[in-house]
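Everything on this sheet refers to the single structure shown next.
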Amino acid sequence: MKYIRYVYSLQEENFYQLLTEYTKGVEILNRKGDKVIFAVYEKLGHLEPLQVQEVHTKHPKSYLRTTRIKDFLIVPYGIKTIFINPGMAFGTGLHASTQICLLLIDEFFKKGWTAIDVGCGSGILSIVLKKCGAKQVLAIDIDEFAVKECKKNAKANNTPIKCIKAKPQDIKGNFDFLCANLEMDIFRKEMEHIKRLFKKRAVFSGIYGKDELDEFLQMLKDFSVVKIKKLKGWFGLVVER
Ligand SMILES: C[S@@+](CC[C@H](N)C(=O)[O-])C[C@H]1O[C@@H](n2cnc3c(N)ncnc32)[C@H](O)[C@@H]1O
């Protein structure tokens, strides 16, 4: 994160007068004679700064740590927690292709959008979408065990999601956002149906290696590719209409 730091100098008396009125943080840097050199993180309208500095810091979230002690998990505020019991479905969040989706959803999904999760497995991506403020999420999978687990996990996370056993071609209508973490063979068969299910952006994952990526980009040549992400040999990407 970037902040602008303003360094000022004031007579001691004036400085303490300022402190009685200024309710935000003030950093005292030095004292020279009866002068106090100090810094604040906004411009003080009536004063001329000695220096204006750009300060780069880590986001406060990067200092937050979760701690596990036996069956207790202590989670700081600001972290979105997702409870997953995958049962017989894919989607614990440990696989690189799922992690790519999570990173891309975090960056490219917009609060208030509707979304479809094609091949929901445990429902992990649907739950994340709902936690990111999706207006409505439809989760589909061809595997009845996945549908069952997805429904259970949605309930455990208190995230209302419609989950049905279906293939992309069974779905009428379309959604602002789509995510599909599938396999290349499935994309080859289903892409024509998948494509018509989103209006704005889509995240695709489950593409392994450069050859699959090249083939995949050919399939999506009608769209603009906004980002390509690689993790442990797996690729995921975001496209827009
Ligand atoms: C790799 S898992 C992804 C699970 C979860 N979305 C994740 O990201 O961890 C792919 C899922 O797609 C489902 N699937 C396979 N073919 C499908 C199809 N044609 N239509 C819908 N779902 C399909 C599988 O049953 C499986 O649950």
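The values are calculated or read from the model by the stated rules, or taken from the named source; none is laboratory data. Since the structure is predicted, the reported quantities are computational estimates derived from the model, not experimental observations. Glycine gets a Cβ as well: all are built from the backbone with ideal geometry, and neighbour counts include every protein chain shown. Only protein heavy atoms, including side chains, enter the accessible area calculation; ligands, DNA and RNA are left aside. Shrake-Rupley method; radii C 1.70, N 1.55, O 1.52, S 1.80 Å.
Out of the residues in segment 28-60 meeting the condition of being modelled with pLDDT under 90 and open to solvent by 100 Å² or more (accessible area, probe 1.4 Å), tell me which one is farthest from Y3 (Cα to Cα). Of everything passing the filter in segment 28-60, K32 is farthest from Y3 (Cα to Cα). Looking at segment 83-101, is at least one residue among the β-branched types (V, I, T), open to solvent by 30 Å² or more (accessible area, probe 1.4 Å) and under 16 Å from the mean Cα position of the chain (by Cα)? Looking for residues that are among the β-branched types (V, I, T), open to solvent by 30 Å² or more (accessible area, probe 1.4 Å) and under 16 Å from the mean Cα position of the chain (by Cα), one finds none in segment 83-101, hence no.
Considering segment 153-194, and only residues there that are touching a residue at least 40 places away in the same chain (Cβ under 8 Å) and part of a strand (DSSP E or B), the residue that is farthest from the ligand (Cβ to nearest atom) turns out to be D176. Restricting attention to segment 71-112, which residues are assigned to a loop (DSSP other than H, G, I, E, B), under 27 Å from K199 (Cα atoms) and in contact with a Cys (Cβ under 9 Å, 6 or more places away or on another chain)? Residues satisfying the conditions are K80, G91, F109, K110, K111. Those residues that are β-branched (V, I, T) and open to solvent by 80 Å² or more (accessible area, probe 1.4 Å), I need them from segment 1-27; list them, please. Correct list: T20, T23. Quick check on segment 148-157. Is at least one of its residues within 19 Å of the chain's Cα centre (by Cα) and not charged (D, E, K, R)? Yes, some residue in segment 148-157 is within 19 Å of the chain's Cα centre (by Cα) and not charged (D, E, K, R). Hey, among the residues in segment 22-59 that are in a loop (DSSP other than H, G, I, E, B) and of a type in the set (K, R), which one's nearest to the chain's Cα centre (by Cα)? Among residues in segment 22-59 that are in a loop (DSSP other than H, G, I, E, B) and of a type in the set (K, R), the one nearest to the chain's Cα centre (by Cα) is K58. Checking each residue in segment 224-241 for being closer than 21 Å to F109 by Cβ, touching a residue at least 24 places away in the same chain (Cβ under 8 Å) and not charged (D, E, K, R) picks out V226, L231, W234, F235, G236, L237, V238, V239.
Only one of the numbered conditions (1) modelled with pLDDT of 95 or more; (2) closer than 30 Å to K2 by Cα is violated by A96, and that is (2).
The C-beta contact set for segment 79-106 (first residue among the aromatic types (F, W, Y), second residue more than 10 Å from the ligand (Cβ to nearest atom), distance under 8 angstrom, 6+ apart or interchain) comprises F83/N153; F83/A156; F83/N157.
Inside segment 195-204, can you point out the residues that are within 14 Å of the ligand (Cβ to nearest atom) and in contact (Cβ under 8 Å) with a residue 60 or more places away in the chain? If the condition is that a residue be within 14 Å of the ligand (Cβ to nearest atom) and in contact (Cβ under 8 Å) with a residue 60 or more places away in the chain, then L197, V203 are the ones that fit.
Could you tell me which residue of segment 156-170 is nearest to K135 (Cα to Cα), considering only residues that are surrounded by fewer than 15 Cβ atoms within 10 Å (Cβ to Cβ) and touching a Leu at 6+ places or on another chain (Cβ under 9 Å)? Ranking the candidates gives K162 first. Residues of segment 114-143 that are more than 9 Å from the ligand (Cβ to nearest atom), part of a loop (DSSP other than H, G, I, E, B) and open to solvent by 20 Å² or more (accessible area, probe 1.4 Å): C132, G133, K135.
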